[in-house]
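Q: The structure that follows is given in the form of structure tokens.
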Amino acid sequence: MDNKAFEELKKDVQEIIDLIAGKQNKEANNKLVEVSETLDELLDHAEEDEELVELGRYMVLLNQLHQKINAE
């Protein structure tokens, strides 16, 4: 897995955070679903332990963002 995938994931997560900050919860939730699917695909193809650890961090972050969206 290359750094491009992680950079794209980072950019997408930041977009979700920006949408939440802008009180655009529906759009944030839609983007979160999209990013979650991408994360699942990346997890399926991860080969290195370091990749799995990094993807695990994103999984935790996405779960926290999901809770934040649904709490409002």
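The values are calculated or read from the model by the stated rules, or taken from the named source; none is laboratory data. All values reported here derive from a predicted model rather than from experimental measurement. Ideal geometry is used to build each Cβ from the backbone, glycine not excepted, and the neighbour counts take in all protein chains shown. Areas reflect the complete protein model, heavy atoms only, side chains present, ligands, DNA and RNA absent. Shrake-Rupley method; radii C 1.70, N 1.55, O 1.52, S 1.80 Å.
Q: Please go through the range 18-37 and give me each residue that is under 24 Å from residue 3 (Cα atoms) and either exposed (fewer than 15 other Cβ atoms within 10 Å of the Cβ) or touching a strand residue (DSSP E or B) at 6+ places or on another chain (Cβ under 8 Å) (or both), ordered by number.
A: 18, 33, 34, 37
Q: Moving on to the next point. Search the range 5-16 for residues that are closer than 14 Å to residue 32 by Cβ and open to solvent by less than 20 Å² (accessible area, probe 1.4 Å) and pair each with any residue that is part of a helix (DSSP H, G or I) and of a type outside the set (Gly, Ala, Ser) when their beta-carbon atoms are under 6 Å apart and the residues are at least 6 apart or on different chains.
A: Within 6 Å, the pairs are 9/58; 12/35; 16/31; 16/32; 16/65.
Q: While we're on this one: Which one is nearest to residue 55 (Cα to Cα), of the residues in the range 24-35 that are over 9 Å from the mean Cα position of the chain (by Cα) and free of Cβ contacts under 8 Å to residues at least 12 places away in the same chain?
A: Ranking the candidates gives 30 first.
Q: When residue 46 is evaluated against the numbered criteria (1) open to solvent by 80 Å² or more (accessible area, probe 1.4 Å); (2) in contact (Cβ under 8 Å) with a residue 24 or more places away in the chain; (3) under 20 Å from residue 6 (Cβ atoms), which criterion, by number, is the only one it fails?
A: (1)
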